[in-house]
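The values are calculated or read from the model by the stated rules, or taken from the named source; none is laboratory data. Only a predicted model underlies this, so the values are computations on that prediction, with no experimental measurement involved. As a convention, Cβ positions derive from the backbone with ideal geometry for all residues, glycine included, and neighbour counts pool all protein chains shown.
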Amino acid sequence: MKTRDDFVWGVATAAYQVEGAWQEDGKGLSIWDAFSHTPGKIANGDTGDVACDQYHRFEEDVELMAELGVTAYRFSIAWSRIVPDGKGEANPLGIDYYNRLIDALLAKGIQPFVTLYHWDLPLTLQLEDDGWQSYATAEAFARYAQVCFDAFGDRVKHWITFNESWCTAVLGYGTGLFAPGRVSEDEPYVAAHNLLLAHGLAVEAYRRKGDGQIGIANNCDWREPLTDSDEDRAAAQESLEFFYGWFTDPVVFGDYPAIMRERVGSRLPEFTQAQKELLKGSADFLGLNHYTTHYASRHPSGRNEISADEGNGGIASDQVVSLSSDPEWVSTSMGWFVVPWGFRKMLGWIHDRYDGLPIYVTENGCAVDTTDREDKCSDPERCAFVQQYTDAMQESIGDGVNVRGYFHWSLMDNFEWTRGYNMRFGLIYCDFETLERKPKQAFYSYKEIIAGA
Ligand code: PNW
């Protein structure tokens, strides 16, 4: 099927996962610098100190993107390069770097889609202000966002405030798996609240002068009712509201989903009337990062159950939902299941709930270990994944869903958070010893999909 002429085909990365240069040109430390240097937190003791060294090699990477034929690159700005301590003076050398990257992209006809926050909070804000537990961090974010709008807004017309706030809230403050590594049943809701307010403040600032589009990228896996019973259908619906709705209802409707207010009670912070107005309608588009699907039921199914903590959706204990999988499903190196029809249903659910707001698929991809294969670039699993998931998206567009773009995660293998360099999501192989890049088979599959769309 032909996509509309302005459909955006892209690839995505994030600063901490690809840039390296962790202490160069005046960059401050971030919570991920501190976390990855804490023994025991990351597989193999890996860190993002060098990563793919994109900071020094972006020209080569832009060349590769041009060869791939993408029309957009989604990358994130490291807050601590722009404002090293999170709240003080801006750093001209940090601004320079992104100017050079943006100009190199535009010279090849590739539009920059800029994420302002992909988890790398300046460390000073964590140590002095308690990070996302504090409203002061939301205010600091709005000031940093303004510096970016002023510096890059003449050329950047698509902005994403936050990447996967669910991960920041739940993995950062709930299970402690991600930086800053806190463990609590209450703090995730407070972090989420301040992240949402930070989004609202930044969008308000952008709309004063900005002439592009600004949105948010939220992650969500599809939840298929295990049976057709009312109970299981309610369980699936509620789990989607606890997951995507938690971070999307506020920016569209101005408040959390009713089921969350009911279940979480007084542990869920409340927005004031003014904050509801600030948030309502504060996304020009919705980003979706989507990786997998699970079955949802009200009661344990006793079959292929998935631990609630892995089942990412709200705080597990606040939901009465059991998750499970189908033994027939193919799974990737991350243990995530390949279920393209779940992607189609997910897109339809967002379209219906949020009244046709434009959707960008801001991430979709899979991890495949090719290190012991002949040329390290043979990834038929990823070729199949990209074909099936983009087909599912095309079907969804055929259903009338307003999908405006697709970004494959990721351009190249990179630092996969707690899994270090073990999990390879790239269309391009990266040798982390030599930093050499080499397109995998799926690079050419995706290139064909783009060319034929
Ligand atoms: C997303 N989970 O992370 C991120 O936006 C990327 O930075 C990351 O590399 C990519 O997906 C692949 O993992 C996630 O636990 C991390 O469900 C963890 C989860 C989901 C997404």
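Scanning region 395-415 for residues that are of a type outside the set (A, V, I, L, M) and either touching a Phe, Trp or Tyr at 6+ places or on another chain (Cβ under 8 Å) or within 12 Å of the ligand (Cβ to nearest atom) (or both) gives 396, 404, 405, 406, 407, 408, 409, 410, 413, 414, 415. For region 73-107, the set of residues classified as touching a Ser or Thr at 6+ places or on another chain (Cβ under 9 Å), of a type in the set (Gly, Ala, Ser) and assigned to a loop (DSSP other than H, G, I, E, B) consists of 78, 86, 88, listed by residue number. With the condition kept exactly as written, say whether any residue in region 24-36 is free of Cβ contacts under 8 Å to residues at least 40 places away in the same chain, outside any helix (DSSP H, G or I) and surrounded by fewer than 21 Cβ atoms within 10 Å (Cβ to Cβ). Within region 24-36, one or more residues are free of Cβ contacts under 8 Å to residues at least 40 places away in the same chain, outside any helix (DSSP H, G or I) and surrounded by fewer than 21 Cβ atoms within 10 Å (Cβ to Cβ).
If we keep just the residues of region 151-178 that are over 11 Å from residue 212 (Cα atoms) and of a type in the set (Phe, Trp, Tyr), which is farthest from the ligand (Cβ to nearest atom)? In this case the residue turns out to be 152.
Look at (1) touching a Lys or Arg at 6+ places or on another chain (Cβ under 7 Å); (2) farther than 21 Å from residue 249 by Cβ and you find that residue 359 fails only one, number (2). Would you call residue 290 farther than 18 Å from residue 259 by Cα, touching a Lys or Arg at 6+ places or on another chain (Cβ under 7 Å), modelled with pLDDT of 95 or more and surrounded by 19 or more Cβ atoms within 10 Å (Cβ to Cβ)? Taking the combined requirement at face value, the residue does not satisfy it. Quick check, is residue 392 out of contact with any helix residue (DSSP H, G or I) (no Cβ under 8 Å at 6 or more places or on another chain), part of a helix (DSSP H, G or I) and either within 16 Å of the ligand (Cβ to nearest atom) or in contact (Cβ under 8 Å) with a residue 12 or more places away in the chain (or both)? For residue 392, the condition - out of contact with any helix residue (DSSP H, G or I) (no Cβ under 8 Å at 6 or more places or on another chain), part of a helix (DSSP H, G or I) and either within 16 Å of the ligand (Cβ to nearest atom) or in contact (Cβ under 8 Å) with a residue 12 or more places away in the chain (or both) - is not met.
Each row is one residue, and each column tells you yes or no for (1) within 16 Å of the ligand (Cβ to nearest atom); (2) among the β-branched types (Val, Ile, Thr); (3) under 23 Å from residue 334 (Cβ atoms).
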position	(1), (2), (3)
12	yes, no, yes
19	yes, no, yes
39	no, no, no
47	yes, yes, yes
61	no, no, no
74	yes, no, yes
78	yes, no, no
84	no, no, no
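Looking only at region 155-197, filter to residues that are outside any helix (DSSP H, G or I), crowded, with 19+ Cβ neighbours inside 10 Å and β-branched (Val, Ile, Thr); which one of those is farthest from the chain's Cα centre (by Cα)? Selected residue: 156.
Yes/no matrix, rows are residues, columns are (1) at pLDDT 95 or above; (2) more than 22 Å from residue 92 (Cβ to Cβ):
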{"position": "2", "(1), (2)": "no, yes"}
{"position": "10", "(1), (2)": "yes, yes"}
{"position": "26", "(1), (2)": "yes, no"}
{"position": "36", "(1), (2)": "yes, yes"}
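Exactly one residue out of 61, 120 is within 13 Å of residue 15 (Cα to Cα), in contact (Cβ under 8 Å) with a residue 60 or more places away in the chain and either outside any loop (DSSP other than H, G, I, E, B) or not hydroxyl-bearing (Ser, Thr, Tyr) (or both), and it is 120. Residues that are assigned to a loop (DSSP other than H, G, I, E, B) and away from the ligand (no atom under 15 Å from the Cβ) were ranked within region 323-336; the one that is nearest to residue 295 (Cα to Cα) is 326.
Restricting attention to region 337-358 and to residues that are assigned to a loop (DSSP other than H, G, I, E, B) and surrounded by fewer than 20 Cβ atoms within 10 Å (Cβ to Cβ), the residue that is nearest to the ligand (Cβ to nearest atom) turns out to be 338. Working only within region 359-376, note down all residues that are part of a loop (DSSP other than H, G, I, E, B) and within 12 Å of residue 290 (Cα to Cα). Listed by number, the residues that qualify are 364, 365, 366.
Among the residues of region 416-433, the ones that are within 22 Å of residue 68 (Cα to Cα) and away from the ligand (no atom under 13 Å from the Cβ) come to 6 in all.
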